[in-house]
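In what follows, a single structure is set out as C-alpha cells and then discussed.
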Amino acid sequence: MNAARPTTDAALQRPASPLALFIAFSLLALQGFGGVLAVAQRELVDRRGWLSRTEFVELYAIAQMLPGPNVVNLSLMIGDRYFGWRGALAAITGMLLAPFLIVIALAASYERLAEFPAVAGALRGMGAVAAGLILAMAFKMLGTLRGNLLGPWLCALLGLAALVAIAALRLPLAWIVIGLGLLGWGLARWRVAALDAQAARRRDADVKPQSSASGGKPGSQP
Amino acid sequence: MLNTLPAGDLLDLFLHFLMLSLLSIGGAMSTAPEMQRYFVVERGWISEADFTTAIALAQAAPGPNVLFVPVLGFQAAGLPGAAAALVGILLPSTLLSLGVSRWGASRRDTPLVRAFTAGLAPVTVGLVFATGWLLALPFLGDPTHRNGALVLIVLTALVTLKTKLAPIWMIAVGAVLGAVGLA
C-alpha cells in the first residue's frame, strides 16, 4: 500500500482479498468517532486509492437513496464490486464487528457504573452533545434540499408534516414514511412531468425561429 | 436495567426492527424517534434516560452510529436483544441495497427514481430534525441541568456547522461538563 499520493482514475488500486477489505474497513471504522463517512473517504479514496472521489460520491448518493445506514450500504457496494457477496460480507463485518463489541462493552460497563453521579453526568453531557450533533446534521441536510425539484414550499410542507407527525403526534413511522413518502413521490412525479414538458416546450421554441426562416418545413420539429 | 425478555417479546423486537430497516431511508437516525416510541413509550422496556444513553454511547464510540440500535436491544434484553436488534435493522436493507446496486443502480436517472429521491428527501430531513428534538427534549424538563445542557446543545450544533472540529472533542467536553454537573 502506498502512502498518500495523487490518485488519478488510471492509478486506482484494488484490495487484495476479502480479508484485506475486512481489515481496511475495520481500521476505518475504529477511527470513526461520531461518524464514519469522512474517515471512509480519506481512507478509501485518498490513502488507498480503491475508489476515485467521483466514484465515492456516486456510490454514496446511491447509498443515501436506499434504506439502511448510509456508510453500511456504501461498504456493501464497495465490497460487492470487488469480491461479490463475500466482499460485501467482509466489508460490512469490518465496518461493524469491532465497533459492535466496543459499544456493547461500553453499554455493559455503563450498567455497572451508572450509580456514580459523575458517570451518569458524563453520559448526560454526551447526550446533550449528541442532540447538538444530530441537529447540526439535520441543518446540513436542509442545505441539500435547496436544489430539490419540489421547490421550497412543498419541501417545507412535507418536512414539517413529518416533524409534527413523529415528534408531536407520535404516529408510527410506517404511516409517516409510507403516507408522506407516497405523497412526496406523487408530487415529485407531477413536478418532473411538468418540468420535462417545460423543457420540451423550450426546445421547440429554440427550433422554431430557424424553421420559420426557412419557410417552416414540416417535420423539422424534434 | 439489564433485562431479559421472553422469547415472544424478543421475536416481536426482531420483527419490528425488520420493518424499521425498510423504512430507514436516509439512515438509522431517522428511525430513532420510532424506536424511542416503541421501546420507551409503547413497551416500557427501557427508560427515557436509557434511550439517550444508547444514542450518546453510539456517537462517542467509534464506528457507524447505527450501533445505537444494538445498544437499545442490549438494554432491553441483553446480548440476544443486541443481536436481534442489529440483525433486524440491517438484514432487509442490506439485501435490498445489494440487489439494487447490482441490478438497478444504472437506472438512477429515470423520472420514477428521481421523483422518489426528491419526494422522500424532505420527509427524511423532517425526521432527523425530530430525532434531534426528541433527544433535546428531556433536558428541557430537567431544571437542574437545563441551562447548561441547552448551551451545550446549541454550541455543539454551531461548532459542527461552522467548523471542522471532529465530533470526538465535543463529546469529550460534554462528558467532562456533565460529570462535574454543569450540563
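The values are calculated or read from the model by the stated rules, or taken from the named source; none is laboratory data. These numbers come from a predicted model, not from an experiment. Here the Cβ positions follow ideal geometry from the backbone for every residue, glycine too, while neighbour counts run over all protein chains shown.
Scanning the range B:1-54 for residues that are of a type in the set (Lys, Arg) and more than 7 Å from chain A (Cβ to nearest Cβ) returns a single hit, B:Arg43.
Can you find even one residue in the range A:152-170 that is more than 7 Å from every other protein chain (Cβ to nearest Cβ) and under 24 Å from B:Thr160 (Cα atoms)? Yes: the range A:152-170 contains one or more residues that are more than 7 Å from every other protein chain (Cβ to nearest Cβ) and under 24 Å from B:Thr160 (Cα atoms). Of the residues in the range A:34-44, at least one is in contact (Cβ under 8 Å) with a residue 24 or more places away in the chain, buried (at least 24 other Cβ atoms within 10 Å of the Cβ) and part of a loop (DSSP other than H, G, I, E, B). Scanning the range B:11-47 for residues that are touching a Pro at 6+ places or on another chain (Cβ under 6 Å) and assigned to a helix (DSSP H, G or I) yields a count of 4. Here is a check on your reading of the model: is B:Thr144 surrounded by 17 or more Cβ atoms within 10 Å (Cβ to Cβ) and either out of contact with any Phe, Trp or Tyr (no Cβ under 9 Å at 6 or more places or on another chain) or not in a helix (DSSP H, G or I) (or both)? For B:Thr144, the condition - surrounded by 17 or more Cβ atoms within 10 Å (Cβ to Cβ) and either out of contact with any Phe, Trp or Tyr (no Cβ under 9 Å at 6 or more places or on another chain) or not in a helix (DSSP H, G or I) (or both) - is not met. With respect to the conditions (1) among the aromatic types (Phe, Trp, Tyr); (2) more than 7 Å from chain B (Cβ to nearest Cβ); (3) without any contact (Cβ under 8 Å) to a residue 24 or more places away in the chain, A:Tyr82 lacks only one, and its number is (3).
Contact map, the range B:115-137: residues that are within 18 Å of A:Arg146 (Cβ to Cβ) paired with residues that are modelled with pLDDT of 90 or more and hydroxyl-bearing (Ser, Thr, Tyr), Cβ distance under 8 Å, separation 6+ or inter-chain. Pairs shown: B:Thr124/B:Ser30; B:Val128/B:Ser30.
Being at the interface with chain A (Cβ under 8 Å from one of its Cβ atoms) and assigned to a loop (DSSP other than H, G, I, E, B) is a condition met by at least one residue of the range B:101-110.
Matching residues to (1) in contact (Cβ under 8 Å) with a residue 24 or more places away in the chain; (2) in the same structural domain as A:Pro18 (by TED's automatic domain parsing); (3) over 21 Å from the mean Cα position of the chain (by Cα); (4) closer than 27 Å to B:Ala49 by Cβ:
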residue: A:Ser109; (1), (2), (3), (4): no, yes, yes, yes
residue: A:Val164; (1), (2), (3), (4): no, no, yes, yes
residue: A:Arg191; (1), (2), (3), (4): yes, no, yes, no
residue: A:Ala194; (1), (2), (3), (4): no, no, yes, no
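Within the set A:Pro152, A:Pro99, the sole residue that is assigned by TED's automatic domain parsing to the domain that holds A:Ala61 and in a helix (DSSP H, G or I) turns out to be A:Pro99. Taken together, B:Ala118, B:Ala85 contain a single residue that is part of a helix (DSSP H, G or I), under 30 Å from A:Phe56 (Cβ atoms), in contact with a helix residue (DSSP H, G or I) (Cβ under 6 Å, 6 or more places away or on another chain) and more than 7 Å from every other protein chain (Cβ to nearest Cβ), which is B:Ala85. For the residues A:Arg5, A:Arg53, A:Arg42, A:Arg14, the requirement of being away from every other protein chain (no Cβ under 14 Å), closer than 25 Å to B:Val66 by Cα, out of contact with any Asp or Glu (no Cβ under 7 Å at 6 or more places or on another chain) and at pLDDT below 90 singles out A:Arg53.
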